[in-house]
Structures are given as structure tokens and as C-alpha cells.
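The values are calculated or read from the model by the stated rules, or taken from the named source; none is laboratory data. Small disclaimer: the values here were computed from a predicted structure and weren't measured. Positions of Cβ are generated from backbone atoms using ideal geometry, with glycine treated the same way; all protein chains shown enter the neighbour counts.
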Amino acid sequence: MSNAANFRSLLASRKMIVAPGAIDGITGRAIDQAGFSAAYMTGAGTSMTLGYPDYGLVTMTEMVANATRIVNSISIPLISDADTGYGNELNVFRTVQEFERAGVAGIHIEDQVFPKRCGHLDNKELVSREDYAAKIRAASAARRSKDFCIIARTDSRAVVNFEEAIERSNAALANGADVVFLEAPQTMEEIAAVPKRVNGPCLLNVVRGGKTPVIELDDAERMGYAVAILPGLLLGGIIQTCDRLLADAKQGKFPPVTGSPGKTFARFGAAEWDERRTAYRDPIKAAAE
């Protein structure tokens, strides 16, 4: 089963998919090994790995390259941030093709102007409804497999109002989107209203400290959300841990030893690679495999 088909089956199960944010192969592998059913490649996290804020400074090819590395590191479906699609509907068409070719299960495309800003920052700008609909239609037409998931994100709650966000969400579904990502609802009432008023599966972006109130995952599932992404869960923890370890190291303090290089490498498939060291020396054995 392809990653996209696997993700579709998870959506069909009616159990909310929880996808923590991955920024590289290390975090992707950790999410997989922790037992989550899917992972999410965060655009903000990808930007930071390249030394930039989430201001739309990372290119489509850089995003696809990172997604490819994560896909190759995990056995679960990866959904990915695809920002604005990196241009008009022609760029969106190619963006879908590249992410699908990389083995990603689905992407979300938003209605901000390019370059975009993080959904939990102020001073965002939107494209017109007509331009957004064209992008969604292009995204739907570009995929080779109907299993590949097109997630329509709208940032119009912050720029216009909640009613505009609902209308854009339903228009996106009518133009070929599979899932709606209404970014940054600002009250618990709005969070609860989204799955009731949107005519299709909904994704909730769980950003603690952002514009959306803190909500428990069980509550989000009861409200009817199909997907919850946790983009900053590992990223925030990594930054905090690095700051603490570096501050300690500057004072000559080090954490207790909890493992070895061998144990660490084992989490990344060392046993399989060790077998390959000698597997191809015997032509008969190699042919049998």
C-alpha cells in the first residue's frame, strides 16, 4: 500500500490522526518509533533547519528535498506543508507532482500571497477567492493518484473574519480539496464550529502559545476533527534542550550517559546495514536474496 493510500485508510477509519511535526530524518524516525500513525513535515521547522524564520523564504525544491529525506526515514505516511504552492496554479501543479513523486501522502496549500508568513503571526495577506480556487483545482488535477491528499488551508480567519474562513473552506472542498485546514481559530467556540460548518474532513493545527486556545486532543476528536498536527512539539523541545545542554556545557557540566553510539545507530537501521556488509560477497547467497 502506498503512503497516500495508507493515509486515506486512516482518514476513512474516523479516528483522529495525530501527526507530530518532523523537521528531519531524526525527528521523523522518532515519531515513527513512538507509534504515531502519521507524521507532519512542518514548514516552519524546515525553514529553521536552513537558518530562516517561517517567512516563505524556503523554495519548493528545498521543501521537497527535506520531505524526501523524511519519507525515506519512516514507515508511516508523511503529510507536508507546501506553503502557497510557490506561485500561481502552474507552480501549484508542479508542486503537487514533485511532492507526490517524493512519496509524500498529501500536502496543504494556503491562500496567502507569496511569500507567506506563519499562520500565527500578524500582517498576513490573502489572494482572491478566485485565485485560491484555481490553485485548488490545479492541485487536484495534478496528482497522479486520487489517494494523494489535497489539504486546503485558509488564513482568512485572521485577515477577514471567521465567516470568510468557513466560506473559503467549503469553496475549496467544492473545487477538489479533500481536507480543510482552517488556520488559527481564535476561540473555543470557533474551534468547535469548524467541523460542524465545513462540509468535509477538518485538520486542526495545535500551536501552543499561538492564536488558537489550548485544546486537549481528546476534545478535538470529540468535536469531529479528522487530523491534528503538532508542528512545534519536537521543534520547541529541541531548542529548549539545546539551550539547556549548551548552557551546562559552558560551565563544564554534562548530562549522564544514557546510551552508546551503537545503541543510537541501532535506531536508524544499523542491523540491516551490518548484514549488507557481507551479504554480497557470496554470489550464490546474493542471487538467492
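Here's the yes/no breakdown for (1) within 21 Å of Cys202 (Cα to Cα); (2) modelled with pLDDT of 95 or more:
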position	(1), (2)
Phe114	no, no
Lys124	no, no
Glu130	no, yes
Ala133	yes, yes
Ile136	yes, yes
Ala139	yes, yes
Ala142	no, yes
Cys149	yes, yes
- Item | Which listed residue is closer than 18 Å to Val227 by Cα and either at pLDDT below 95 or surrounded by fewer than 22 Cβ atoms within 10 Å (Cβ to Cβ) (or both), from Ser13, Ser2 | Ser13
- Options Ala4, Ala39, Ala30, Ala44: the member that is in contact (Cβ under 8 Å) with a residue 24 or more places away in the chain, among the small types (Gly, Ala, Ser) and touching a Leu at 6+ places or on another chain (Cβ under 6 Å): Ala39
- In the stretch 22-51, which residues are more than 18 Å from Asn72 (Cβ to Cβ) and surrounded by 14 or more Cβ atoms within 10 Å (Cβ to Cβ)? Ser37, Gly43, Ala44, Ser47, Met48
- Task: Determine which member of the set Gly232, Gly269 is surrounded by 10 or more Cβ atoms within 10 Å (Cβ to Cβ) and within 30 Å of Arg14 (Cβ to Cβ).
- Result: Gly232
- Task: Taking only the stretch 206-251 into account, find how many residues are outside any loop (DSSP other than H, G, I, E, B) and of a type in the set (Gly, Ala, Ser).
- Result: 6
- Note on the structure: Looking across the stretch 128-139 at residues that are surrounded by fewer than 20 Cβ atoms within 10 Å (Cβ to Cβ) and in contact (Cβ under 8 Å) with a residue 24 or more places away in the chain, the single one that is farthest from Ala174 (Cα to Cα) is Asp131
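Okay, residues lined up against (1) under 18 Å from the mean Cα position of the chain (by Cα); (2) touching a residue at least 12 places away in the same chain (Cβ under 8 Å); (3) assigned to a strand (DSSP E or B):
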residue: Asn91; (1), (2), (3): no, yes, no
residue: Gln97; (1), (2), (3): yes, yes, no
residue: Ala141; (1), (2), (3): no, yes, no
residue: Lys146; (1), (2), (3): no, no, no
- Message: buried (at least 18 other Cβ atoms within 10 Å of the Cβ), among the hydrophobic types (A, V, I, L, M, F, W, C) and free of Cβ contacts under 8 Å to residues at least 24 places away in the same chain: which single residue out of Ala184, Ala165 fits that description?
- Response: Ala165
- Message: Every residue in the stretch 59-69 that is aliphatic (A, V, I, L, M) and more than 14 Å from Ile107 (Cβ to Cβ), please.
- Response: Ala65
